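The values are calculated or read from the model by the stated rules, or taken from the named source; none is laboratory data. Keep in mind it's a predicted model, so treat the numbers as computed, not measured. In this analysis, Cβ positions are derived from the backbone assuming ideal geometry, glycine residues included, and neighbour counts consider all displayed protein chains. Protein only, heavy atoms only, side chains kept; ligands, DNA and RNA dropped before computing areas. Shrake-Rupley method; radii C 1.70, N 1.55, O 1.52, S 1.80 Å.
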4 protein chains.
Amino acid sequence: MGKDKVKIGIIGAGRIGKIHADNLMRNPHAKIVGISDLFAGPELEAWASIRGIPVVTTDSSQLIEMPDVDAVLICSSTDTHVPLIEQAARAGKHIFCEKPVSMNLSQTQAAVTAVQEAGVKLQIGFNRRFDHNFKRVRAHVQEGTIGDPHIIKITSRDPSPPPAEYIRVSGGIFMDMMIHDFDMARYLSGSEVEEVYAQGNVLIQPVFAEHGDVDTAIVTMSFENGAIGVIDNSRQAVYGYDQRVEVFGSLGSATAGNDHPNTAEISTAAGLMRDKPLHFFLERYNEAYVQETALFIEAILNDTPVTVDGHDAVQAERIALAARMSMEQGRPVKLREVPGVTMESTAP
Amino acid sequence: MGKDKVKIGIIGAGRIGKIHADNLMRNPHAKIVGISDLFAGPELEAWASIRGIPVVTTDSSQLIEMPDVDAVLICSSTDTHVPLIEQAARAGKHIFCEKPVSMNLSQTQAAVTAVQEAGVKLQIGFNRRFDHNFKRVRAHVQEGTIGDPHIIKITSRDPSPPPAEYIRVSGGIFMDMMIHDFDMARYLSGSEVEEVYAQGNVLIQPVFAEHGDVDTAIVTMSFENGAIGVIDNSRQAVYGYDQRVEVFGSLGSATAGNDHPNTAEISTAAGLMRDKPLHFFLERYNEAYVQETALFIEAILNDTPVTVDGHDAVQAERIALAARMSMEQGRPVKLREVPGVTMESTAP
Amino acid sequence: MGKDKVKIGIIGAGRIGKIHADNLMRNPHAKIVGISDLFAGPELEAWASIRGIPVVTTDSSQLIEMPDVDAVLICSSTDTHVPLIEQAARAGKHIFCEKPVSMNLSQTQAAVTAVQEAGVKLQIGFNRRFDHNFKRVRAHVQEGTIGDPHIIKITSRDPSPPPAEYIRVSGGIFMDMMIHDFDMARYLSGSEVEEVYAQGNVLIQPVFAEHGDVDTAIVTMSFENGAIGVIDNSRQAVYGYDQRVEVFGSLGSATAGNDHPNTAEISTAAGLMRDKPLHFFLERYNEAYVQETALFIEAILNDTPVTVDGHDAVQAERIALAARMSMEQGRPVKLREVPGVTMESTAP
Amino acid sequence: MGKDKVKIGIIGAGRIGKIHADNLMRNPHAKIVGISDLFAGPELEAWASIRGIPVVTTDSSQLIEMPDVDAVLICSSTDTHVPLIEQAARAGKHIFCEKPVSMNLSQTQAAVTAVQEAGVKLQIGFNRRFDHNFKRVRAHVQEGTIGDPHIIKITSRDPSPPPAEYIRVSGGIFMDMMIHDFDMARYLSGSEVEEVYAQGNVLIQPVFAEHGDVDTAIVTMSFENGAIGVIDNSRQAVYGYDQRVEVFGSLGSATAGNDHPNTAEISTAAGLMRDKPLHFFLERYNEAYVQETALFIEAILNDTPVTVDGHDAVQAERIALAARMSMEQGRPVKLREVPGVTMESTAP
C-alpha cells in the first residue's frame, strides 16, 4: 500500500467489535479512525475517547465513505453484512466480516462477487483457524505426519445456551454454531465436503424447538478426497467450552484437546482433580482473535491474499444449509443440491 | 447347581478358544473336561495334556452330549454357531457363544428361542462390557454423575487389517467389527437404538472393495431415550489398537481412553514421547476375557441371569444389518425396517 | 495517591526492562515518562519514540530525581540495585527492583531499611508468584485442600546455560537461578526455611567450575512448620524450560506441570508425541510479568502493601547464601548461621 | 539343571509367601513341593491342599533339607533371613529372599559369602525392578535416549502407615521402606551411591517418634558417575500408593508416573476428575511379582545369573544404614563410613 499503517473503521460496537478494536490498538500497523454503532451514545464515546478513536457515529455509511478509512471490520448483526460488504467494496475498502456473511447463499455469493469485482480484500471471521492447537494439527496434516486423512472428528460444545432472543434470530445451530466446525473440517482435511447427513434433537431447552431449531446435533460428512468425518455440537457442556479435533490418517492421528486455565492437579482421597477448560470463546480464542486481525492488516499492507476468503464463507454456508436440509428431510444431502450457486471446488 | 465346579467343554481350539481355556484353568469353580476342533491332532492333544484336559475330539457333538459336561463354550466359526447352540440347548447344556451368533437374524432368533425353551443360559462374547475403563464409564452413567446422556461417541480402530481370506467370510465391517461397538452403544447409553445412518469407504486396502466391504466407516445412531451417537471404525490405526468412548450428558461427560503398556514419558529436544497403546485385543481386553467367563461360571453356579444374553446378540446384529442396509441404500434406516424378528425393547 | 495514573521511570533498557515497558504501555493506570540506560543511544531513542516515552537518558539519577516520576523500575545490573534503591527511597519514589537486590546480605538489608525509613514501597521481581499454575497450587494450600504441608518439591531447569561472561558475574546458581525457587518454597509452604543442605556438580559445562560455580544442584530444606522440601536445578534441559512444583500434605497433594505451546498430540507407528514445553521464561512467565507490574501500580494507587516485599528479598538471599555455605562446607547450614542480619520470621 | 521344573519350598506363609505361591502355581516350570510356617495349622493345610502342595510344616529346616527341594523362597520375618540363607546354602539349595536380608551389614555380608561359597543362586526381592514403568525408564537410560544421567528423582509414598507393632520391628523408614528406593536409585542410574544426606520428620503419627523413627523423609544422594539424586518418602499419601521416578540427563528426561485402575475421566461443573492410583503394592506390583519369581526359576533352569543378587542386597542396606547415620548425626555420610564390609563397586 505504500504506507506502514492501515486505517480502520469498525462497524458494530458489540462485544466482538470492541475486542477487535482493543487487539488492533496494540498493532503497530493499524490505526482505528472511527467506530459506528446504531446505538452509539455517550458510553461508546467515552470508550472511544480513552482509546483515542476520533470518530464515533451511528451511521456506518459515513465511516465506509471516509477517505481516511482503508478497511472496515463488519461486526454488526448478520442481516447487515451483505449490504455493508457491497457498499464497502464499491467504496474500494478492504473488508473483514464476521461469520456468517448471510443466511442466504445467493446473497452471500452476490457479496463475494461484488468484492471480487471491486478488487478489494475480504476476510471472514473464522477465528478458529488461528488457534494454536488447530494450527498445529493442520500443520501435521500438511507436513504428511499422519499420511492421507481418513477420518475427521470435531467436537464443539458451548458452556451454556444463548438467550432466547438470540436463538430466535440465530439462523439455527448449523448456520450459527456448527458453521465454525464446517470451516474447520475443510481447513483440517484440506478437502471439500461432498455430502452431509444431519441428526439433531432438543435435549436442553424447549425454546430451541419453538424456533424449529435443535440444541444437540451430529453431522457426518463425506469429503472429495475420500475421507469421512463427523461433528458433534451441544449448546450446553456444563464443564465449559469443549473444543477438540482429531484427524486420523494412513500414518497416524493428530488430536488437539482443550486449553485449561492452569496445569494444577489435586490428588485427594476423593480422586484426582483439575480445573475445567477455559470457559468460553473469549478465553479460548483470545490469541486467535489477535492473530486474525493482525494477518488481515498484514495482507493489506503486503497486498497478499487473505487467509480466509469469500469462497470459504460460501462453502461453510453451503454445508450449513445442506445440513439443515438433511435434518428436515431425514436424508443425506449432497452439497450440489443446495440451490443458489455453482460450486467451485478449491481446497482450503 | 448344588455343586461347586462347572464342567466345561470347549468347541473350537483357535486363538480365542485357547485363551478361554487358559483363563478357566485358573478359575477354581471351573473344570475343563474336553475340547473339540475340526482339526484336532497331536498338537492339540499335547496342548490339552499339559493342561490336564482329558478329552480331545474332532466331533463337537460328542462333547455336547457328554453327560459330564455342564456347559459349552462355542468358539468355532460363525456359521457353526446356530446349530451348535440348538444342539447344546436340546442337550440341556449352558452356552457361552462368541459373537456374532449368525449373519442371519432369523437364525439367531431361532437359536435364542431354542435356548429359552430349553431353559439353559446363553451368554454372548461381548467381552468389552467387562473392560475396566468402559465399566467405569457405564457406572458413572448409571450413578447419574453425568445426568441424562445426550451424545454417545465410540472410537474403535484395529492396528492392522485381517488377512484377505478372513475378510471374505467376515460378514463385513458392521457385523464383524462394529458389532462390538453397537453392543457398547447400548451398554453405555442404557437405551435401544432406533435408527442408524452409515457411511463407509475403502481407504486402506482394495481387497475390502472386492468383497463389497469397507475398511473405514462412521455410523450415527438415534436412541429411544433421545440421545444421539456416533461410532467410527478403521481397520488400520498404525499407532495401535484405539478403543475410546465418551458419554456426554446434561451434567457432564465421561470419557475412557486407551490403555498403555507403561506410563513412561520421554522428553528430548525432539518433543515429548510415550509408547503406543496396548497393541491389540488380546493385550487390551486380557482382563475382560478373564472376567467374562468367570461371570458365566458364576451365573451357572448361582443360577442367576447372565450379563450379556441372547437379546443382546439379536439387538447388536439387528443394528449391524441396519447399518449395512443404510450404507447400501444411502439413507438412514430404522431398526424396525430390518426383516426377521419383532423387536422387544429392553434396555441393556 | 489522589490520581489515576502512576508515572514511571525505567532504569536499565535490557531485555527485562523493555518487557516491563511494553507491558506497562498497555496498562491504563501507568505512564512511562522516561527510560535510562548506560548505553542509551539512537537505537533506544527510536524505540522510546515509537512508544511515546519522552525522556531517554544515560543518567539514572536524572530519572530518579524527575519531579514527574512517581516510581522507578530498577532493571539494571545487580551491582547497581542497592545504590539505586537508596537514592530512589531518599527521593521518595516507589521502587520495583529485579532480583536479587544484592549479593551481600548487609547491603540488601541496608537498602530495605532505607526503603522503610522513606516510607516508600519496594516490590521485588519474583515474577513466578504471579504464574497461573503456581498461584493455583498456593490457593489450594491456603484453602486447606491438601491439609498441612509435609513435602515441598520444586523442579526448575533452564533450556540452556547462559554465556560465560554472564556466569562469571551471576553470583552462582543459588543466588542467580535457585533464588526464584527459594522464594517459591516460602510462597508455597507458607513457612520460613530453617536449614538447608546443598549438593551440586558440574555436569554440563566446565566453565561453571572455572568460576567456582555448579550447573546442576539439589538443595533440601527444613521449614519452621515441620515440612521438608527439595529443589533441583539444571542449567540445561534440552527439552525446554522445566518448571514444576508439588506440595504434598496430610490431605493430599497439589502439583503444577509445565505449559505447552499447544495441546496437539500425534500418534504414529513410532509412539505418541507432543511438542516440548514453552521454551523459556519470556514465554512461560509472559502473563506473570504483566501481572506483577500491574499489581505494583495497583499497590501504589491504592496505597496497599506490595505482594513481594523487601523481607522476601532478604529471606531468599539468606537461603541462597546458606545453600552456598552448605555446598562449600559439605554440611547442612542453618539460616541463622548466615552472617549479616537478624531474622524476623514472617511467613510469606 | 537337566530338567524342566524347579521344585520349590516356601518358607513363611504370610501375605507375600502366599502371593509368590499363587504366582508360581501358574508357572509351568515351577512346582511347589512344600510350605513351612511357624503357625502352620488346619487353615494353611486347607489352603495348601486346594493348591496340591503336599507338605505343610512348622519346621523350615525340614523343608530346606528335603532332597526333593531345589530352591527355597524365604518369606519369613527379617530376623530369620540370615540363618535360613546360610542353612539353605549349605544344603545346596537356590534361594530367593525377601528384602532386607538383615538389619546388620556384617550378617548380611556373611550370608552372601555363604551363598557364594556354596555356589547357589541368591535373588533378592526387590520387586520394583520388574515393574513395567521402571523397566521402561531404565531401558531408555541404558539405550542412551536421555544421555548421561544428571539427576535421579524418586517419589515413594504409601497409602497409609503400618500398624504400631510393625513399626516397632520394621528397622525404620530407611531399612524398611526407602530400601526399595535405594535399590531403584542404583538400578535407574547404573551407578553406585557415594554419599547420602537424610532429613526426616514425624508429621503423621507420634508412634513413629516413640520408636526413634520418622514418617516423612527426604534423602539426597551423590553417585559415583557424578549424578545427584533425591528420594522422598511418606508413610501416608491419602490419595493412594504414589510411585514415580525421573531420570534427567544430558539429552533429556525419562519419567514414570502412577498406574491407575482405569482411564475414565469425568468432566462436570466441579472440574475434571479421575480415579486415584492403584491402591497399594499388591495392585501396583502384581505383574512385577509374577515376573521376579518367573525370572528366578528361569535363572535356575538355564544356570544364568539372577537379576538382583547379594551384592544388591548389601549395597541397598549400606545406603539405608548411611541414611540413618546421616539423620541421627545431622550431616552427610559417605557409604565407606558405614562399618561392616569392604565395598566392591559394581554398577547394577
Across B:Lys121/B:Lys153; C:Lys153/D:Lys276; D:Lys3/D:Lys121, pairs whose alpha-carbon gap is larger than 26 Å: B:Lys121/B:Lys153
Size of electric dipole in segment B:179-256: Cβ of Lys, Arg +1 and of Asp, Glu -1, about Cα centre, debye, nearest 20: 220 debye
Descending semi-axes in whole angstrom, ellipsoid equivalent of the protein assembly as shown, from the Cα gyration tensor: 57, 51, 22
Shielding score for C:37-46, defined as the mean number of other chain Cβ atoms within 10 Å: 0
Gaussian network model of chain D, Cα within-10 Å springs - most flexible of D:Glu317, D:Glu117, D:Glu192: D:Glu117
Between segment C:141-156 and segment A:29-86, the alpha-carbon center distance in angstrom: 51 Å
Charge dipole (debye, nearest 20) of the protein assembly as shown; +1 at Cβ of Lys and Arg, -1 at Cβ of Asp and Glu: 0 debye
J(HN,Hα) series, segment C:307-319, from Karplus relation 6.51 cos²θ - 1.76 cosθ + 1.60, nearest Hz, glycine and proline x: 6, 10, 10, x, 4, 4, 5, 4, 5, 5, 5, 4, 5
Computed FRET value (nearest 0.05) for D:Asp22 with C:Asp148, which takes r as the C-beta separation and R₀ as 51 Å: 0.80
Extreme residue, positive dipole direction of segment C:4-60, given options C:His20, C:Ser49, C:Ile35 (C-beta unit charges): C:His20
Average beta-carbon neighbours from other chains, 10 Å sphere, peptide B:141-154: 3
Long-range HN-HN contacts of A:Ile35 with modeled amide H, under 5 Å: A:Ile10, A:Val55, A:Val56, A:Thr57
Label geometry 7 Å along the beta-carbon vector: C:Thr304 inter-copy distances in nm: 4.5, 5.9, 6.7
Amide H within-cut-off set for D:Val6, under 5 Å, with H built and near neighbours excluded: D:Ala30, D:Lys31
Stokes-Einstein diffusion coefficient of chain B, Kirkwood radius over Cα pairs, 37 °C, 0.692 mPa s, in µm²/s: 156 µm²/s
In degrees, nearest ten, helix D:105-118 long axis to first principal axis of chain D (Cα): 40 degrees
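Could you compute Rg(Cα) / (2.2 N^0.38 Å) for segment A:30-91, with N its residue count?
The reported ratio for this selection is 1.10.
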Anisotropy class of segment C:79-232 from Cα gyration tensor, a/c 1.5 cut: oblate
With all protein chains modelled, accessible area of C:His211 [1.4 Å, Å²]: 70 Å²
Degrees, to the nearest 10: C:15-25 long Cα axis against longest axis of chain C: 60 degrees
Relative contact order computed over segment C:6-120 (Cα-Cα under 8 Å; 6+ residues apart), in percent: 26 percent
Rotation relating A and D, chain D residue nearest the axis via C-beta, angstrom: D:Met273, 3
Nm distances between copies for A:Ala46, ranked from closest, using label points 7 Å along Cα→Cβ: 4.1, 8.4, 9.2
Nearest-first distances (nm) between copies at B:Thr113, label 7 Å from Cα via Cβ: 6.5, 8.5, 10.3
Centre separation in Å (Cα based) which lies between segment C:168-221 and segment D:264-308: 36 Å
Debye, to nearest 20: dipole size of segment B:6-120, +1 on Lys, Arg Cβ, -1 on Asp, Glu Cβ: 360 debye
Per-residue [θ]222 nm for chain D (sum of -39500 (n - 2.57) over DSSP H runs n ≥ 4, rounded to 500): -11000 deg cm²/dmol
Between helix A:286-302 and chain A: long-axis angle, C-alpha atoms, 0 to 90°, nearest 10: 50 degrees
Projected label distance in nm at C:Thr80 and A:Asn286, using a 7 Å step from Cα toward the beta-carbon: 3.3 nm
Peptide C:200-209, shielding by other chains (average Cβ, 10 Å cutoff): 2
Table column - 3J(HN,Hα) (Hz), segment C:323-333, Karplus curve with 6.51, -1.76, 1.60, x for Gly and Pro: 4, 5, 4, 4, 5, 5, 9, x, 8, x, 10
For A:Leu278, residues with placed amide H under 5 Å, excluding near neighbours: A:Asp259, A:His260
Most fluctuating residue given options C:Asp70, C:Asp232, C:Asp303, as computed from a GNM of chain C linking Cα atoms under 10 Å: C:Asp303
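Please state the shape class of segment A:6-120: rounded when a/c is under 1.5, otherwise prolate if a/b exceeds b/c and oblate if not, all from the C-alpha gyration tensor.
Numbers: a/c = 1.94, a/b = 1.56, b/c = 1.25.
Cα axes put segment A:6-120 in the prolate bin.
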Residue-wise HN-Hα coupling along segment A:158-164, computed from phi with Karplus coefficients 6.51, -1.76, 1.60 (Hz; x: Gly, Pro): 7, x, 7, x, x, x, 4
Segment B:153-268: C-alpha gyration tensor shape, a/c 1.5 cut-off, then a/b vs b/c: oblate
Percentage relative contact order, chain D, counting C-alpha pairs under 8 Å, at least six apart: 20 percent
